[in-house]
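Participant: Quick one: structure below, then a few questions.
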Amino acid sequence: MAHTSETGTPLIDMRGVDKQFGNGTVAVRDMSLTIQQGEFVSFLGPSGCGKSTALKMISGLLSVSRGTITVNGHRPGEGNAGSDIGYVFQEATLMPWATVYENVYLPLKLQGVGKVEGRVRVEEALSMVGLANFARSYPRELSGGMKMRVSIARAMVTKPKLLLMDEPFAALDEMSRTKLNDEVLSLWKSLGLTVIFVTHSVFESVYLSSRVVVMAARPGRVVHDIALSGGYPRNAAYRMSPEYAESCRTVSKALEGTMDHVELNH
Ligand SMILES: Nc1ncnc2c1ncn2[C@@H]1O[C@H](COP(=O)(O)OP(=O)(O)OP(=O)(O)O)[C@@H](O)[C@H]1O
């Protein structure tokens, strides 16, 4: 499924990355990781192991304290590298006073895309997430799952190659979560995206990913990098398959092991 970019280099290359905050907390230590274009990678680990910090450094929202990150050959935050990245947060973070349409149009407006071209792209993004008929609605009129769909449409409207998702479905009921998992997989496949998906859930990571990066806390770091053998498409049959059960066991065991990796005095 994964393939290298045109230049043959990985899409994301992290080398010896540390992040230490001003208060002394080492959120990430010595993180090295390469991700090829087209991969679906989950960052899985206990609370505080640096998953969100790693994602924010990849997007350029946070700087690194040591080491290097390149995304498609560029340092995050340099030039217009950010426009190729879509970011979905745990909360939908929509503007409550604005319609669904206006919320999704915002990133284009910030890029200076005019209203005529903007309309086509916003409508396309809303159709992608099944909300074409809700353009005039306000966030308060939508369910949690629908708000998250708007948030995904807003991330996708700039047509990014890389989609970063930080526990996007953690607050949703199981049925909405299952449905949105399938929708994300379908977007990933049809648009040829690369996705990094942060989650606490073994089941979600195994259902979605081609690879699970397991992290441990204090200090936050990568302790396992597990390539999953289960092919795509992933669907209800995959959830019932021995392959899925076996992968869940492997990943659960790796996650349990993160408790043994806690370094004291950090
Ligand atoms: N701005 C900040 N200033 C100081 N410490 C921070 C800051 N942001 C995060 N941290 C600390 O860095 C560590 C990693 O946090 P991070 O949010 O990346 O973890 P996480 O794995 O995403 O956790 P969760 O699953 O709970 O969201 C934690 O100890 C956290 O308290």
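The values are calculated or read from the model by the stated rules, or taken from the named source; none is laboratory data. Please read all numbers here as calculations on a predicted model, not as lab measurements. Backbone-built Cβ (ideal geometry, glycine too); neighbour counts: all protein chains shown. Side chains are part of the model used for accessible areas, which takes the heavy atoms of the whole protein and leaves out ligands, DNA and RNA. Shrake-Rupley method; radii C 1.70, N 1.55, O 1.52, S 1.80 Å.
Participant: What percent antiparallel are the DSSP beta bridges of the stretch 125-237, to the nearest 5?
Facilitator: 55 percent
Participant: Now, a different point. Quick one: what are the phi-derived ³J(HN,Hα) couplings along the stretch 217-224, Karplus 6.51/-1.76/1.60 with θ = phi - 60°, whole Hz, x for glycine and proline?
Facilitator: 3J(HN,Hα) across the stretch 217-224, in whole Hz: 9, 6, x, x, 6, 7, 10, 8.
Participant: Could you pull out every residue, at least 5 positions away or on a different chain, whose amide H is within less than 5 Å of the one on residue 77? Hs are placed 1.01 Å off N in the peptide plane, and Pro or chain starts have none.
Facilitator: It is 82, by chain and number.
Participant: Assuming R0 = 25 Å, what is the FRET efficiency of residue 235 and residue 173, from their Cβ-Cβ distance, to the nearest 0.05?
Facilitator: 0.80
Participant: Now for a different question. Between residue 63 and residue 93, what is 0.36 nm times their sequence separation minus the Cα-Cα distance? Round to one decimal in nm.
Facilitator: Going from the current span to full extension adds 8.5 nm.
Participant: Could you work out the helix-only [θ] at 222 nm for the chain, with each DSSP H run of four or more residues adding -39,500 (n - 2.57) and the total divided by the number of residues, to the nearest 500 deg cm²/dmol?
Facilitator: Calculated from helices alone, the mean residue ellipticity at 222 nm is -10500 deg cm²/dmol.
Participant: Farthest toward the dipole's positive end in the stretch 86-126, which of 114, 86, 103, given Cβ charges of +1 (Lys, Arg) and -1 (Asp, Glu) about the Cα centre?
Facilitator: Result: 114.
Participant: I've got another one for you. What percent does the relative contact order of the chain come to when contacts are Cα pairs within less than 8 Å and at least six residues apart?
Facilitator: This gives 24 percent for the chain.
Participant: Convex hull over the Cα atoms of the stretch 156-235, averaged projected area in nm²?
Facilitator: About 6.1 nm², averaged over all directions.
Participant: Residue 179: which aspartates and glutamates have alpha carbons under 16 Å from its alpha carbon, excluding same-chain residues fewer than 8 sequence positions away?
Facilitator: 167, 204
Participant: Once you have the Kirkwood Rh of the stretch 105-247 from its Cα pairs, apply Stokes-Einstein at 4 °C and 1.567 mPa s and quote D in µm²/s.
Facilitator: Answer, rounded: 77 µm²/s.
Participant: A further question follows. Taking the stretch 36-176, how much of its Cα-Cα pair set, in percent, is spaced more than 24 angstrom apart?
Facilitator: 35 percent
Participant: Leaving ligands, DNA and RNA out of it, work out the accessible area of residue 124 with a 1.4 Å probe and give it in Å² to the nearest 10.
Facilitator: We get 80 Å² for residue 124.
Participant: Taking only protein heavy atoms and a 1.4 Å probe, what accessible area per residue, in Å², does the stretch 3-160 have with all protein chains in place?
Facilitator: Value for the stretch 3-160: 49 Å² per residue.
Participant: Rounded to the nearest 0.05, what FRET efficiency do residue 133 and residue 186 have when you use their Cβ-Cβ distance and R0 = 22 Å?
Facilitator: Efficiency for this residue pair is about 0.70.
Participant: Rounded to two decimals, what is the ratio between the C-alpha radius of gyration of the stretch 13-111 and 2.2 N^0.38 Å?
Facilitator: 1.22
Participant: Counting only DSSP beta bridges with both residues in the chain, tell me the antiparallel percent, nearest 5.
Facilitator: Here the antiparallel bridges make up roughly 50 percent for the chain.
Participant: Past the 19 Å Cα-Cα mark, which pairs from 159/189; 51/159; 51/147; 115/159; 56/161?
Facilitator: 51/159; 51/147
Participant: What does the charge dipole of the chain about its Cα centre add up to, to the nearest 20 debye, if the Cβ of each Lys and Arg holds +1 and the Cβ of each Asp and Glu holds -1?
Facilitator: Roughly 440 debye, rounded to the nearest 20.
Participant: Long-range amide H contacts for residue 94: which residues qualify at under 5 Å (H placed 1.01 Å from N, peptide plane, sequence gap of 5 or more or a different chain)?
Facilitator: The list, which skips near neighbours in sequence, is empty: none.
Participant: Counting only protein heavy atoms and a 1.4 Å probe, tell me what percentage of the stretch 83-199's accessible area is made up of carbon and sulfur.
Facilitator: Whole-percent figure for carbon plus sulfur exposure: 54.
Participant: So, one more: Between residue 123 and residue 102, take the C-beta separation as r, use R0 = 22 Å, and let me know the FRET efficiency to the nearest 0.05.
Facilitator: The pair residue 123/residue 102 has a calculated efficiency of 0.95.
Participant: So if I average 1/r over every pair of distinct C-alpha atoms in the stretch 197-266 and take the inverse, what Kirkwood radius in Å does that give?
Facilitator: In the stretch 197-266 this quantity evaluates to 12.8 Å.
Participant: Something else: Give a residue-ordered list of calculated ³J(HN,Hα) values for the stretch 21-32 (Karplus: 6.51 cos²θ - 1.76 cosθ + 1.60, θ = phi - 60°; whole Hz; x for Gly, Pro).
Facilitator: Taking θ as phi minus 60°, the curve returns 7, x, 7, x, 5, 8, 7, 9, 10, 6, 8, 10 Hz for the stretch 21-32.
Participant: Shifting gears a bit: Compute from the Cα atoms of the chain the Rg and the Dmax, the latter being the longest Cα-Cα distance, and quote both in angstrom.
Facilitator: My reading of the Cα-based Rg and Dmax gives 18.4, 58 Å.
Participant: Still on this structure, I have one more. Within the stretch 192-235, find all residues whose amide N lies under 11 Å from a label point positioned 7 Å from the Cα of residue 252 along Cα-to-beta-carbon.
Facilitator: Label zone hits: 202-203.
Participant: With all protein chains present and a 1.4 Å probe, how do 224, 200 order by accessible area, largest first?
Facilitator: Ranked from most to least accessible, the order is 200, 224.
Participant: If only Cα atoms are counted, what is the Rg of the stretch 128-173, and what is its Dmax, in Å?
Facilitator: So, for the stretch 128-173, Rg and Dmax equal 11.2, 31 Å respectively.
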